[in-house]
Amino acid sequence: MMAILVQTGLKKVVTEKKPENLNQTEWEELDEKALSAIQLCLANTVLQEVLMEKTSSALWKRLGTLYATKFLTNCLVLKECLFMFRMSEGELLRDHISQFITLLNGLKNVEVHIDDEDQAMLLLCSLPPSYKSFKETLIYGRDKLSFKDVKGHLLSRDKLENDFGLDIKANRQASILVASKKRDKRCRYCKKLGHVKGGCYKLRNKRATDSNEEDVTDANLVVENSDDFLLV
């Protein structure tokens, strides 16, 4: 907005008093141009709040007060969002860190400085209870924290967990594939699906039964032979 006033040569009307070489009529005409130039730059919602101002300098001061109040409120809201920011269990860590950085950048844009170590602590404090051991290791295991280090450790941990999860998923899929193949096989002994002859429980039970019967028969033969021997 100020750039437009400078470009049109109207900045002095807003920020300075009337020069002595200009008469009142000329000054009022310049002031009217400056007033309309500022009004054209305002949104309707803002314009409704400053329509009562009749000179460009009064309008400029009113806008300064209005935006100073909104600026302060905006800073406080951004701070509250940062300090209350928390990660939910199951939320993607990378998304959480990205949102955290967005909040930091929002404060930087309104010239609010957060110390680097405070940024690191705020990020750690935003983590859920499942990160308790991880947080304690970082906080109590060193003399100084930096946001870059904390973010790096978090992303490394996240990568390891993701890789481990992929391995488990691959093993589970392999087990499912093996089970599926077994289900498609038919036993040549009992004719049922899901196993082969070598793993057939019915055949194993039969063999065990046959084996027991053979043992009993052998035992009877031994007894009979023994009796024959005694009779002789």
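The values are calculated or read from the model by the stated rules, or taken from the named source; none is laboratory data. A quick note: this is a predicted structure, and the numbers were derived from the prediction, not measured. Counting neighbours? That spans all protein chains shown, and the Cβs are built from the backbone with ideal geometry, glycine included.
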Original post:
Does the stretch 11-23 contain at least one residue that is in a helix (DSSP H, G or I) and out of contact with any helix residue (DSSP H, G or I) (no Cβ under 9 Å at 6 or more places or on another chain)?
Top reply: no
Original post:
Which pairs do you get when a residue that is free of Cβ contacts under 8 Å to residues at least 24 places away in the same chain and in the same structural domain as residue 28 (by TED's automatic domain parsing), found in the stretch 55-75, comes within reach of a residue that is surrounded by 11 or more Cβ atoms within 10 Å (Cβ to Cβ) and of a type in the set (Val, Ile, Thr), reach meaning Cβ atoms under 8 angstrom, with the pair 6+ apart or on two chains?
Top reply: 62/50; 66/46; 66/50
Original post:
Wholly within the stretch 73-144, which helices (runs of 4 or more DSSP H) include no fewer than the required count, namely at least 3 residues that are among the charged types (D, E, K, R) and more than 20 Å from residue 159 (Cα to Cα)?
Top reply: 116-125
Original post:
When residues of the stretch 64-85 are filtered for being over 25 Å from residue 143 (Cα atoms) and surrounded by fewer than 14 Cβ atoms within 10 Å (Cβ to Cβ), how many remain?
Top reply: 14
Original post:
Only one of (1) farther than 30 Å from residue 103 by Cβ; (2) surrounded by 11 or more Cβ atoms within 10 Å (Cβ to Cβ); (3) at pLDDT below 85 fails for residue 48. Which number is that?
Top reply: (2)
**OP:** Exactly one condition in (1) small (Gly, Ala, Ser); (2) surrounded by fewer than 10 Cβ atoms within 10 Å (Cβ to Cβ); (3) in the same structural domain as residue 31 (by TED's automatic domain parsing) is not met by residue 90; state its number.
**Re:** (3)
